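Notes follow the structure.
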Amino acid sequence: MKRRDFLKYTAAASAVAAGAAQGFRLGGLPVYAQSPPMLGGNVLESDKILIIVQLFGGNDGLNTIVPLNDDNYHNLRPTIRVRPEDNPAQIAGSEAYFHPALVDSFDGGFLKLHDEGRLAVIQGIGYEHPNLSHFRSTDIWLSGYNPRDEDIFSDPQVRLLDGWVGRFFAHSIPTFPSDLPSYPLAIQIGGQLSLMLQSDAGDAGIAITDPERFFSQDGGLSADEAALPGVDAYEKEYNYILQVAQASDRYKDEVKAAYEGGKTTIQYGEGLPQQFGTVARMISGGLGTKVYLLRMGGFDNHVNQAFEGQTGFHPALLQQLSMGISQFMADAVNQGFADRVVGMTVTEFGRRPRENGSRGTDHGTTSVQFVFGERVRAGLYGDNPDLARFLKDSDRNSNLDYQNDYRRVYAEILEVLFGAEKADVEAILGKQFVHMGILDPAISSVDNPFVNQFSGAALRLSPNPSAGNVSAAFELKRPAMVDISLYSIKGVHEMRIRHGMFNRGVHSVHFNAPNGGVWLCVLEAEGRQIAEKLVVLR
Amino acid sequence: MNRRDFLRMNTSGSSFRARSPQDWDDTLGVTAGLEERPGQLTRADALHLLRRFTLAPTHDLLAEIEGKTAQEAVELLLGPVYDPELNPEPLPEPPGPWVDSTEEDPLEADLITRNQIEKRWENQHDMLRQWWVERMHAETLPAREKLTLFWSGHFTTEFTFDDVYSVPQLLYRQNQMLRSYRQGDLKQFVEQVTLDGAMLAYLGGELNVAGNPNENYARELFELFTTGLGWYSEAEVQASARVLTGWKASKYNSAPAPRGMYKSYFIPEDHDIGAKELLGGIIAARDEDFNTEVLVRRDEIRGMIELIFALERNDGREHAVARFIGEKLYHYFIYSKPVAPPEDFMLQLQQRFIDNNYNMRAVLGAILRSAHFYEPAVRGVQIKTPAEFMVGFARQMGASPATVATAMAQVEQDLFDPRDVSGWDGYRAWISTKTYPLRAAFTRELIRAIPDAQLVDWARRFTGFDDAYLLTAAVEEFLLPRPVSTERHDAYVDALLTGETRDYEWPEIIGGTDPGSAALRLRSLLTAISRAPDFHLC
């Protein structure tokens, strides 16, 4: 079987029932060659909406969420640092500070959003074997595949050809792409259709830049021709153009009706806020679109990133970002759709801890990510980075290590927001990822309907630290479908320990950790996760 | 076989980024290679060559090359051979005296002055892109301007980036430089680009100084300009940045201009004189006495370029630069789908690069004379770029290009200002629900605006113009890349004979003294043809 076919089968829905599917063995887990259809509910019946804000160019995480009390930060960034007198805002209970421009934007900005429980901040988001090319790393983020995951792709040059959102729709809509709703599944504001919204079976969205122009176009754009029957390149290109022409005609009325019937309750600012205003109006007008992609460029600040007092380009971008999200959330609350919406930022990488000689920063690795929405569990996820080593000459051009695999958030959104099951996530992302608990309130045993606390923990690992031979014990309140798996500390699935129905009562399973290091052992009972750290000394 | 194995089978050494994935592993299925295409060009061959190598066929060029051999036709279209250093090609007249005007540094000026300067620059950018469109439109050998456009999208600079502008006077000089080197020695070309004033300003070169390297240009030099991903390490990017330290361009009247305004110059104390190890070679440390413009340029800049061009692997089966540039040329002239071209063809093409010591005219000529290029499967598979679609159509129709530069920017080919440093994505990215309606509107407006008499004269240049059936067939052949079905042909004849016109009345209409009546019907035909998907193909 060729890779293309693998992707087709994992992306597109198939009629094969779950039990009958053939599985490849991958890291001890079955990966379905012919994936079962979406196990979770039908996405078309969901009223949930995902908004993705892409920050192109590589947003500087260290000057977005600032480790203000770390002297190393100030030493590494003598000219562009945020100083105490610039009034960054401390995130309660942490040593991390919002850049002042994130707060001084609209009605308290990110600080207020956070304090009101609508904003989560993730530090150290990234992936294994980071690539410092804008384009390659963007493709990795948008595709949801890390080609250097050694057990997925063996070749770092492998082409990334479709996106995680595109695959999600292709996987979850049985009739995709032939029989689709009258609204676009996804709308991208501006530019050419993103890799994120493409799938092997077809595009899962449209791009519009200027809604007025899109709506005012004349009808009858598509010719009367039918699609050509052949499968050679010529017919494929011909049919592609025909399909875009027909989509231009088809979606125009629906989008226009929603836009004209919708409203905003906020006077949106220029730039990104204006894009948010367009989205708010379409949601308000009842458009069924599930995913919106907004894009903001300019983050590649090799030069003159900021001036003293935090004026300059990067602060202005942060202010625009904060204003857009804050205004949108205020509007969403006013209009009553805030609990249907979850949004997140993505950026291809962060920047080098040490500034360069041009009052700027060169390409780096991990960055920060924001997740916003009414149902988000606000807070700071991840730690301030350890910057001490970058002061050493040997490490002056080194980059940050990541703390969390970027697909943890994708997986959590697919499962919690859109109701996908683990197997769906695996079909879409190629692997499973442990939730961070940003949407999902279940990484604790408090009020867990299935798992009891006993001996002080819901999941007891012993010995811990261990030499590798571990027993995991837990107590069920009632019979449940249980999965016990080991994940890397970054959140990527490593091995399944046990899976199956367990009776009520105390259980204990034994396993061998594959390598030394710190692991997350995750007990999942009927969709609720409990995670415990496991230290393996070898 | 496990998934890892079948993924490995389908990976390729090429690093071209794929953004439009549909049916991505299909190729054209052409087995003919780079061997010369024998015999004389038929009318269909000549039209194919003009579609791909120029912006669109015109009556004049078609008459010139039909019946010639591929060799003769390609040489004719490339024009005389020049040498940029010994016998330079005459360059077009500048767009106006403003190309020598100067400004102070707007970032040092007060806000009002800064706004005034930037307003003038915006204006100059408008004039510059319109000037280029007019060059493309008026050039008697438009293949040459299509090459300029190729290089402009390859060695990219942007007019607007971050919150600053490229100085239009530098962009103008860079554009002329592309003309001088577009058919020449690629190594010399890369050297020119590396020290080009607009480039030094755009990718941080002017801020790249000893002790504080800015690696922006060094990274893109590898990733986007010469080798593509996968041929160099992060350490080599950093070492290359050090090689490139010490160059600036004079661009403001408030700053030094030791070599004259808008010229690049070398500042010894900003150059890192230490040894640099990269790409399997060492650029030796230099004594202060030898830290001069001439020596650094010769030993370090040229030395590094030689190392880049020498990169090869698999016992010489893959040469980095020949592969990377060859693949780009293949996508530009043969099929833009972002997949690896046929391996046999690429091996032959790579050999041409090496045999001709990276002389671009020789390489280009080989592609356009090849049997591969003239295969039926190659015809019509290329999605027209905005330049081909808009400048090309205006040329074909003899229509004014007055609105073309603005229209091209709306459909995402803003000359001198691509979206980012990777240039234009191309292929299906050109056609979206955003751009398709705008392309259609442009065509409609252009057809409407051609004066009646001119339109009739245009039609009368086709053999058999006074026969409605022959004329329709000739216009189809002229404007569409492949023959159409009988049904479509009949529909186009009906479009020409609009308003109950009988076929026997056509000779009288086209031969009459009132052009209005014929023009009305010609517009009806052109409008019908322009709505077909294949009107966007070439």
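Brief remarks on what is shown
- Those residues of segment B:314-339 which are under 19 Å from A:Asp232 (Cβ atoms), out of contact with any helix residue (DSSP H, G or I) (no Cβ under 7 Å at 6 or more places or on another chain) and either in a loop (DSSP other than H, G, I, E, B) or without any contact (Cβ under 8 Å) to a residue 40 or more places away in the chain (or both), in sequence order: B:Tyr330, B:Val339
- Among residues of segment B:247-292 being of a type in the set (A, V, I, L, M, F, W, C), part of a loop (DSSP other than H, G, I, E, B) and in contact with a helix residue (DSSP H, G or I) (Cβ under 8 Å, 6 or more places away or on another chain), the one that is farthest from B:Ala310 (Cα to Cα) is B:Met261.
- Residue selected from segment B:286-313 under the condition of a type in the set (A, V, I, L, M, F, W, C) and surrounded by 17 or more Cβ atoms within 10 Å (Cβ to Cβ), by the criterion nearest to B:Phe222 (Cα to Cα): B:Ile308
- First in segment B:226-249 and within 16 Å of A:Pro130 (Cβ to Cβ) and outside the structural domain of B:Gly423 (by TED's automatic domain parsing), second anywhere and outside any strand (DSSP E or B) and of a type in the set (A, V, I, L, M), Cβ under 6 Å, 6 or more apart: B:Val237/B:Ala218
- Residue check, B:Asp272 crowded, with 23+ Cβ neighbours inside 10 Å and either of a type in the set (Asp, Glu) or farther than 27 Å from B:Phe416 by Cα (or both): yes
- Selected residue (only one of B:Ala138, B:Ala109 is loosely packed, with under 14 Cβ neighbours inside 10 Å, of a type in the set (Gly, Ala, Ser) and assigned by TED's automatic domain parsing to the domain that holds B:Lys263): B:Ala138
- Residue list for segment B:172-191, filter: under 22 Å from B:Ala387 (Cα atoms), part of a helix (DSSP H, G or I) and not aliphatic (A, V, I, L, M): B:Tyr172, B:Arg173, B:Gln174, B:Asn175, B:Gln176, B:Arg179, B:Ser180, B:Tyr181
- Scanning segment A:111-146 for residues being part of a loop (DSSP other than H, G, I, E, B), within 17 Å of the chain's Cα centre (by Cα) and either within 13 Å of chain B (Cβ to nearest Cβ) or buried (at least 20 other Cβ atoms within 10 Å of the Cβ) (or both) gives a total of 6.
- Being assigned to a helix (DSSP H, G or I) and modelled with pLDDT under 90 is true of A:Ala247.
- A:Arg281 among the charged types (D, E, K, R) and part of a loop (DSSP other than H, G, I, E, B): no
- A:Thr361 meets the conditions (1) of a type in the set (Ser, Thr, Tyr); (2) over 16 Å from the mean Cα position of the chain (by Cα); (3) more than 14 Å from chain B (Cβ to nearest Cβ) in every case but one. The failed one is (3).
- Of residues in segment A:266-318 being among the hydroxyl-bearing types (Ser, Thr, Tyr), buried (at least 17 other Cβ atoms within 10 Å of the Cβ) and within 14 Å of chain B (Cβ to nearest Cβ), the one nearest to A:Leu185 (Cα to Cα): A:Thr289
- Neighbours by Cβ (under 7 Å, 6+ apart or cross-chain): first from segment B:410-423, within 11 Å of chain A (Cβ to nearest Cβ) and in contact (Cβ under 8 Å) with a residue 12 or more places away in the chain; second surrounded by fewer than 21 Cβ atoms within 10 Å (Cβ to Cβ) and of a type in the set (Gly, Ala, Ser): B:Gly423/B:Gly153
- Every residue from segment B:229-246 that is part of a loop (DSSP other than H, G, I, E, B), surrounded by fewer than 21 Cβ atoms within 10 Å (Cβ to Cβ) and among the small types (Gly, Ala, Ser): B:Gly230, B:Ser233
Results for (1) buried (at least 18 other Cβ atoms within 10 Å of the Cβ); (2) under 23 Å from the mean Cα position of the chain (by Cα); (3) of a type in the set (Gly, Ala, Ser), shown as yes or no for each residue.
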position: B:Arg428; (1), (2), (3): yes, yes, no
position: B:Thr433; (1), (2), (3): yes, no, no
position: B:Pro451; (1), (2), (3): no, no, no
position: B:Leu455; (1), (2), (3): yes, no, no
position: B:Ala459; (1), (2), (3): yes, no, yes
position: B:Asp467; (1), (2), (3): no, no, no
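- Helices (runs of 4 or more DSSP H) fully within segment B:461-533 that include at least 1 residues being more than 14 Å from chain A (Cβ to nearest Cβ) and touching a residue at least 40 places away in the same chain (Cβ under 8 Å): B:468-479, B:506-511, B:515-530.
- Entirely in segment A:299-399, the strands (runs of 3 or more DSSP E) that have 1 or more residues that are in contact with a helix residue (DSSP H, G or I) (Cβ under 8 Å, 6 or more places away or on another chain) and without any contact (Cβ under 8 Å) to a residue 40 or more places away in the chain: none
- Some residue of segment B:156-171 being under 22 Å from B:Gly392 (Cα atoms) and either touching a residue at least 12 places away in the same chain (Cβ under 8 Å) or not hydroxyl-bearing (Ser, Thr, Tyr) (or both): no
- Subset of segment B:428-460 [farther than 22 Å from B:Asp126 by Cα, facing chain A (nearest Cβ under 9 Å) and either part of a helix (DSSP H, G or I) or free of Cβ contacts under 8 Å to residues at least 40 places away in the same chain (or both)]: B:Arg428, B:Ala429, B:Ser432, B:Thr433, B:Lys434, B:Tyr436, B:Pro437, B:Ala440, B:Arg444
- Considering only residues in segment B:24-53 that are of a type in the set (Ser, Thr, Tyr) and at pLDDT below 95, the one that is surrounded by the most Cβ atoms within 10 Å (Cβ to Cβ) turns out to be B:Thr27.
- Qualifying residues in segment A:79-110 (those that are assigned to a strand (DSSP E or B) and closer than 20 Å to A:Arg354 by Cα) - the one farthest from the other protein chains (Cβ to nearest Cβ): A:Tyr97
The values are calculated or read from the model by the stated rules, or taken from the named source; none is laboratory data. Remember, it's a predicted structure, so these values are computed and weren't measured experimentally. All Cβ positions, even for glycine, are placed from backbone atoms using ideal geometry, and neighbour counts span all protein chains on display.
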